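Colleague: Sharing a structure here in C-alpha cells format.
The values are calculated or read from the model by the stated rules, or taken from the named source; none is laboratory data. For clarity, every value in this text was computed on a predicted model and none was experimentally measured. Cβ placement follows ideal geometry from the backbone for every residue including glycine, while neighbour counts extend to all protein chains displayed. Just the protein is used for accessible areas: all its heavy atoms, side chains included, with ligands, DNA and RNA removed. Shrake-Rupley method; radii C 1.70, N 1.55, O 1.52, S 1.80 Å.
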Amino acid sequence: MTEISRRDLLAGAVGAVGGAVLAGLPSLAAGQQGAKTAAKAAAKAAAKAAAAPPPLPPIPDDATKLLGTPTTAVGERSRFVNAVRTPIGQVTGVSYTPLQDLTGTITPSDLHFERHHAGVPLLDPARHSLMIHGLVDRPMIFSVDDIKRFPQVTRTHFVECSGNGRGVYRDLKPETTVQIVAGMTSNSEWTGVPLKALFEEAGVKSGAKWFLAEGGDAVLLTRSIPIEKAFDDALVVWGQNGEPMRPEQGYPLRLLLPGFEGNSNVKWLRRLELGAQPWMTRWETSKYTDPLLDGKARIFSFEIDAKSVITSPTYPAQITKGWWPVSGLAWSGRGKITRVEVSTDNGKSWHDAAIDGPALRKAHTRFTHMWEWNGSETTLLSRATDETGYVQPTRADLIRIRGAGTDYHFNPIYGWTVKADGHVFFHGET
Amino acid sequence: MTGDRGPRTEDRERLVAIALLVVATVSLAACSGDSSANAEPSRRYALGRAATTDEIDKWHTDVGPDGAELPAGSGTVASGAEIFKAKCSACHGPDGQGMPPAYPAIVGRDPKGENFPFGTDWKITRTIGNYWPYATTVFDYVRRAMPHTAPGSLTNDEVYSLTAFLLAANQIIPMNSTLDAASLRAVKMPYVSRFVRDDRRGGRDVR
C-alpha cells in the first residue's frame, strides 16, 4: 500500500468509527457532520483501493546482481519490518509503543506512544506562542522563534504515562504483548530551552510557589507544577530525535519535566501562569491521583518510580534451546539506573544484567543478560535499582502497600514464562 | 532558587561542582539537573514582548480552589438540568451515569462508593460526588473542555447552571440552589481531606 492510500484508509476508518459513535446522538450537529465526512472519506478510500497500488517488486534471488532503488525524499522502514503503534483511531485514548520491535534506548519519533484527551491539534508554528504571566515582574509572550533563540540544550529522557501497566495490574492474561504491558513509555533526545531561562526573562516574584501549564488542544489541558521543578531540570522543547517534535508529542512546543508522569509534560504548550497555590485542575484531582488502602489518595504524585521490563523474549515469541539474550529496558524518574537483575528461574536466583552504554539520568537504559535455555519450563524476571537505592517491587508488594484499587504508577516486576515447547507468555503475578 | 539536590549528580559533575565551589566565585543554580559546568550564565536576552492585559484576560480563564478568578454570572440547578439534557446527556447518559468506557459517569452516590474505598476496589466508580476534592474544578473543566465536541461554547451562566446541576445531582448542594461566584466558592466537597501529598521519596522504602 502506498503512503497516501494507507493514510486515506486510516482517515476513513477513524471517521467511520467517530461517525458511528456520534450518529447515535441526533442532537449533535457535529455528529452529523462527522458522519458525512466519514462517508466521503470512506468513498474516497474505496476509490483509491480500487485503483490498487503497484505491486511491490519481487525479492531478487541475488541482490548483488540487480540495481537497487533510487534515492527518495523520505526513507521508509524495510518492507520486512512491521513496527506499529496500537491501537489506532482513538481521540481520547492511547496508542502504545511496540517495545518488542525496538533496539537500544531511543524510541523512533513516529513510534512514540500517544496519549491525549481530545485528539492531536493542528497548530501553525507561525501563529503559536507561549504566554508567561501571573506572579512575574514582566508578563511576556514568546513566539516559537523567540524561544529558539535562547541557549538551547539537548537531553535524553523518557516520558511514561503514569497509567502505564494499569491493564496488567488488574488482568494477568498470559496472551499479552510487552507493547500492552508497558508500551506507554518512550525515550527521546529532546532539544529545547531550560524553563528557568524563560522564567528569568519574565522575572519570578518571591511568592510564586507553583506554575500552571496549559496546552493549546481542544481540552486546554492544565497541570500545576511545583516551581522548584522549573529551576531544576524542566525544559520547553521543540526538537525530538534530531528534528522538530512530532505533532502527537506536542508540536510546536512542549513542557518536558524529566522523570515526572507523562500527563504533566504538557503538550502544545501555550501558557504558563505562576501562582502561590496549585490550581486543582481535573487532571490532578479526578484523574492522576492514586487511591490508597487507608481511604486516602495521593495527589501530585509526579515522580516515576524505578521500573524495568524484559522486551525480548516476550509473548508471542517461540524460542528454541540454546543461548538467548534476555534484553529489556529500565528507567527511573529519580535519576540513574544503577543495577538491573535478571532471574531465569522465577526469582530463585538473580544475576546482574549487563547495562549497555552510559546509564543516563531519567532515561531508558538497555540491559541484557545472556541465558542458555535447557528446554524446561521457567519464568524470566527483571528487577531495577536506581541511584536512590530504590528496588523495583513485586505486584504483591504494591497490592499490599497501595492496594489492588490504586490507579497510577504501576511498576511491579514483570515476568515472562517460557513453556516447554518454547512459547513465551506474560507472567504478571509477581 | 536551586533545585532539589538529591544524590543524582554524576561523579564527574560533582567534581566539577566542587572545583567551582573552591573557586567560590560562581553560584551555580540547578547543578542537580544538567551538566551545567559550561552552562550559560543567568542573564536576560530581551527576547519576546510584553503581554497586554487583553491578551492575558483572554486566556486567563483558570479557576483555582479559592475561586478568586470566577467570572460574573449565575445559574440554577433547574436551568442546569435543562442544559444537561440538551448538551451533555447524549454522551454522559440522561442521569449522568455515563457510558463507560468512552464516556465517564459524572453523577453517582452509590453507597458502595462512600467513605473512599477506592484503594481496595477499582471497580467502584469515582464521580464528582464521591471523589472530587474541589467544586471549582467542575466549573473550570466544564468551561474549558465540555461538551467534548464543542469545547469553549458555553456561556458563563450556562457553566454556573451545569455546575449547580452536577453538584446537586451528586447530593452536594440542595436541588433549589443558585450558584454564583460567592456561593460556588463556599461549596466544600465531602472528601477533600482524603487527598494527601505524595510521600514517596525513592530509597529503600516502597510506598
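Colleague: Say whether the condition of being closer than 26 Å to A:Ala404 by Cβ and more than 9 Å from chain A (Cβ to nearest Cβ) is met by at least one residue in region B:130-146.
Modeller: Within region B:130-146, one or more residues are closer than 26 Å to A:Ala404 by Cβ and more than 9 Å from chain A (Cβ to nearest Cβ).
Colleague: Being under 18 Å from the mean Cα position of the chain (by Cα) and open to solvent by less than 70 Å² (accessible area, probe 1.4 Å) narrows it down to one of B:Ala90, B:Ala102, B:Ala135, B:Ala81, so name that one.
Modeller: B:Ala135
Colleague: Looking only at region B:174-199, filter to residues that are assigned to a loop (DSSP other than H, G, I, E, B) and over 21 Å from the mean Cα position of the chain (by Cα); which one of those is farthest from the other protein chains (Cβ to nearest Cβ)?
Modeller: The residue in question is B:Asn176.
Colleague: Please enumerate the residues belonging to region A:283-293 that are at the interface with another protein chain (Cβ under 7 Å from one of its Cβ atoms) and in a loop (DSSP other than H, G, I, E, B).
Modeller: Across region A:283-293, the qualifying residues are A:Thr285, A:Ser286, A:Thr289, A:Leu292, A:Leu293.
Colleague: Give the residue that is surrounded by the most Cβ atoms within 10 Å (Cβ to Cβ), with candidates limited to residues of region A:209-236 that are part of a strand (DSSP E or B) and out of contact with any helix residue (DSSP H, G or I) (no Cβ under 9 Å at 6 or more places or on another chain).
Modeller: Ranking the candidates gives A:Gly215 first.
Colleague: Another question, if that's okay. If I filter region A:386-400 down to residues being open to solvent by 20 Å² or more (accessible area, probe 1.4 Å) and touching a residue at least 40 places away in the same chain (Cβ under 8 Å), which single residue comes out as nearest to the other protein chains (Cβ to nearest Cβ)?
Modeller: A:Thr388
Colleague: Next question, about the same structure. Need the failing condition index for A:Arg298 against (1) within 11 Å of chain B (Cβ to nearest Cβ); (2) part of a loop (DSSP other than H, G, I, E, B), just the number.
Modeller: So A:Arg298 meets the others, but not (2).
Colleague: Between A:Pro252, A:Pro291, A:Pro258, which is closer than 30 Å to B:Asn115 by Cβ and open to solvent by less than 10 Å² (accessible area, probe 1.4 Å)?
Modeller: Going through A:Pro252, A:Pro291, A:Pro258 in turn, the sole match is A:Pro291.
Colleague: I'm checking my understanding of the structure. Among residues of region A:344-365 that are small (Gly, Ala, Ser) and surrounded by 21 or more Cβ atoms within 10 Å (Cβ to Cβ), which one is farthest from A:Cys161 (Cα to Cα)?
Modeller: Per the stated criteria, the residue is A:Ala353.
Colleague: Could you say which residue among A:Thr320, A:Thr368, A:Thr379 is assigned to a strand (DSSP E or B) and open to solvent by 20 Å² or more (accessible area, probe 1.4 Å)?
Modeller: After ruling out the rest, the residue left standing is A:Thr368.
Colleague: Separate question: Looking at this structure, is B:Thr61 of a type in the set (S, T, N, Q), open to solvent by less than 60 Å² (accessible area, probe 1.4 Å), part of a loop (DSSP other than H, G, I, E, B) and out of contact with any Cys (no Cβ under 6 Å at 6 or more places or on another chain)?
Modeller: yes
Colleague: Something else about it: When the residues of region A:127-146 are filtered to those that are out of contact with any helix residue (DSSP H, G or I) (no Cβ under 8 Å at 6 or more places or on another chain) and farther than 11 Å from A:Lys205 by Cβ, which remaining residue is nearest to the other protein chains (Cβ to nearest Cβ)?
Modeller: Going through the qualifying residues, I end up with A:Asp146.
Colleague: How many of the residues in region A:167-179 are in contact with a strand residue (DSSP E or B) (Cβ under 6 Å, 6 or more places away or on another chain) and either open to solvent by 40 Å² or more (accessible area, probe 1.4 Å) or of a type in the set (Val, Ile, Thr) (or both)?
Modeller: The qualifying residues number 3.
Colleague: So which of A:Gly104, A:Gly119, A:Gly163 is in the same structural domain as A:Pro226 (by TED's automatic domain parsing) and closer than 30 Å to B:Asp57 by Cα?
Modeller: Sole residue among the options that is in the same structural domain as A:Pro226 (by TED's automatic domain parsing) and closer than 30 Å to B:Asp57 by Cα: A:Gly119.
Colleague: Could you list, in sequence order, the residues of region A:47-99 that are among the β-branched types (Val, Ile, Thr), open to solvent by 100 Å² or more (accessible area, probe 1.4 Å) and closer than 28 Å to A:Gly328 by Cβ?
Modeller: Across region A:47-99, the qualifying residue is only A:Ile88.
Colleague: All but one of (1) part of a loop (DSSP other than H, G, I, E, B); (2) open to solvent by 80 Å² or more (accessible area, probe 1.4 Å); (3) more than 26 Å from B:Asp157 (Cβ to Cβ) hold for B:Asp66, so report the exception by its number.
Modeller: Among (1) part of a loop (DSSP other than H, G, I, E, B); (2) open to solvent by 80 Å² or more (accessible area, probe 1.4 Å); (3) more than 26 Å from B:Asp157 (Cβ to Cβ), the lone unmet condition for B:Asp66 is (3).
Colleague: Tally time: how many residues in region A:200-246 are within 11 Å of another protein chain (Cβ to nearest Cβ) and of a type in the set (Val, Ile, Thr)?
Modeller: Here the count works out to 4.
Colleague: Looking for whichever is among the aliphatic types (A, V, I, L, M) and in contact with a Gly (Cβ under 8 Å, 6 or more places away or on another chain) here; the options are A:Ala218, A:Ala213. Which one fits?
Modeller: A:Ala218
Colleague: Which of the residues spanning region A:145-166 are farther than 22 Å from A:Pro194 by Cβ and open to solvent by 50 Å² or more (accessible area, probe 1.4 Å)?
Modeller: The answer is A:Arg166, and nothing else.
Colleague: Further question: Restrict the check to region A:193-208 and report whether at least one residue is farther than 20 Å from A:Leu253 by Cα, surrounded by fewer than 23 Cβ atoms within 10 Å (Cβ to Cβ) and in contact with a His (Cβ under 8 Å, 6 or more places away or on another chain).
Modeller: No: region A:193-208 contains no residue that is farther than 20 Å from A:Leu253 by Cα, surrounded by fewer than 23 Cβ atoms within 10 Å (Cβ to Cβ) and in contact with a His (Cβ under 8 Å, 6 or more places away or on another chain).
Colleague: Right, something else. I'm trying to understand the selection: among the residues of region B:152-169, which are within 22 Å of A:His117 (Cβ to Cβ), open to solvent by less than 50 Å² (accessible area, probe 1.4 Å) and under 20 Å from the mean Cα position of the chain (by Cα)?
Modeller: B:Leu154, B:Val159, B:Leu162, B:Thr163, B:Leu166, listed by residue number.
Colleague: When you look at A:Glu243, is it open to solvent by 30 Å² or more (accessible area, probe 1.4 Å) and either more than 27 Å from B:Thr53 (Cα to Cα) or not assigned by TED's automatic domain parsing to the domain that holds A:Thr107 (or both), yes or no?
Modeller: Yes.
Colleague: Then there's this: Evaluate the following for A:Ala297: is it in contact (Cβ under 8 Å) with a residue 40 or more places away in the chain and of a type in the set (Gly, Ala, Ser)?
Modeller: no
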